[in-house]
Amino acid sequence: WRGIHVSIEDRPFFRRSLRVWLAAGFIAALIPLCLFAVLGYGYYHRVVVEPIRTVLQGQNAVLVPLERVQGEMWELEQAVNRLSQSGSAAADIAEIESRVAGHLVQLQSALDEHGQYAPIISDLNLRWSDLIAKVAAVAPGTPEAADPAVLAVDADLSAMARDLELILEDLRVENVETHAAILRATHAIEIGAFAAGLVALVMVALGIWIIN
């Protein structure tokens, strides 16, 4: 092989115009960027957009009304106690029932887009209806006796508050985990963008070397 000389005419691959080589180098530099754009969009949509739409938006639509219902439950407990003591809290109880009914309507509306919370909301509706029926049985102004209806309301309120707090805690944990996953995905996209840019620079340098 030492005595063999191969001229550029014998290598058709290298007999290309400068314009062709510039175009080839430009395309080679764009390939990693285009590949990252396609793969990055799919990853971003799957790991960031979908959780935001299905988890975070759903949690916001459900979490806030549930927290408000939880607050109304403590208000109801105090109102029932006042009713049994003095009989003067009937209007307060009616107002609480009206506010909770509004919260339940909000929760029911959230099911149109976030049906995964249907069991929670259905159970809450049933238990709230049962609780209100027991509240209606409380006799006003009987402080001297331990009204069984008041005891039943207190027991139901305690059980509902405990179960609701567990649900809210699960939703908060899921919210935190989703945020953490989104941050990790964002960091991975940043690394991918840096790597794609670096590969593009390498391809440009390689194109310049080939042209020279």
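The values are calculated or read from the model by the stated rules, or taken from the named source; none is laboratory data. These numbers come from a predicted model, not from an experiment. Here the Cβ positions follow ideal geometry from the backbone for every residue, glycine too, while neighbour counts run over all protein chains shown. We work out accessible area using only protein heavy atoms, side chains counted, and drop any ligands, DNA or RNA first. Shrake-Rupley method; radii C 1.70, N 1.55, O 1.52, S 1.80 Å.
Would you call Asp170 within 16 Å of Gln70 (Cβ to Cβ) and either in contact with an Asp or Glu (Cβ under 7 Å, 6 or more places away or on another chain) or open to solvent by 70 Å² or more (accessible area, probe 1.4 Å) (or both)?
Working: within 16 Å of Gln70 (Cβ to Cβ): yes; either in contact with an Asp or Glu (Cβ under 7 Å, 6 or more places away or on another chain) or open to solvent by 70 Å² or more (accessible area, probe 1.4 Å) (or both): yes.
For Asp170, the condition - within 16 Å of Gln70 (Cβ to Cβ) and either in contact with an Asp or Glu (Cβ under 7 Å, 6 or more places away or on another chain) or open to solvent by 70 Å² or more (accessible area, probe 1.4 Å) (or both) - is met.
Going through Leu124, Leu151, Leu164 one at a time, which residue ends up being in a helix (DSSP H, G or I), closer than 23 Å to Glu97 by Cβ and either open to solvent by 40 Å² or more (accessible area, probe 1.4 Å) or of a type in the set (S, T, N, Q) (or both)?
Details: Leu124 fails: either open to solvent by 40 Å² or more (accessible area, probe 1.4 Å) or of a type in the set (S, T, N, Q) (or both); Leu164 fails: either open to solvent by 40 Å² or more (accessible area, probe 1.4 Å) or of a type in the set (S, T, N, Q) (or both).
Going through Leu124, Leu151, Leu164 in turn, the sole match is Leu151.
Condition check: surrounded by 14 or more Cβ atoms within 10 Å (Cβ to Cβ) and part of a helix (DSSP H, G or I). Does Ala61 satisfy that?
Working: surrounded by 14 or more Cβ atoms within 10 Å (Cβ to Cβ): yes; part of a helix (DSSP H, G or I): yes.
Spelling it out, Ala61 is indeed surrounded by 14 or more Cβ atoms within 10 Å (Cβ to Cβ) and part of a helix (DSSP H, G or I).
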*Give me the pairs, please: first residue somewhere in the range 39-68 and of a type in the set (Lys, Arg), second residue anywhere and buried (at least 17 other Cβ atoms within 10 Å of the Cβ) and at pLDDT 70 or above, beta-carbon distance under 8 Å, and either six or more positions apart or on two chains.*
Arg68/His103
*Name the pairs whose Cβ atoms lie under 7 Å apart, with the first residue in the range 70-92 and charged (D, E, K, R), the second open to solvent by 30 Å² or more (accessible area, probe 1.4 Å), and 6 or more positions between them or separate chains?*
Glu72/Arg99; Glu77/Asp154; Arg82/Ser88
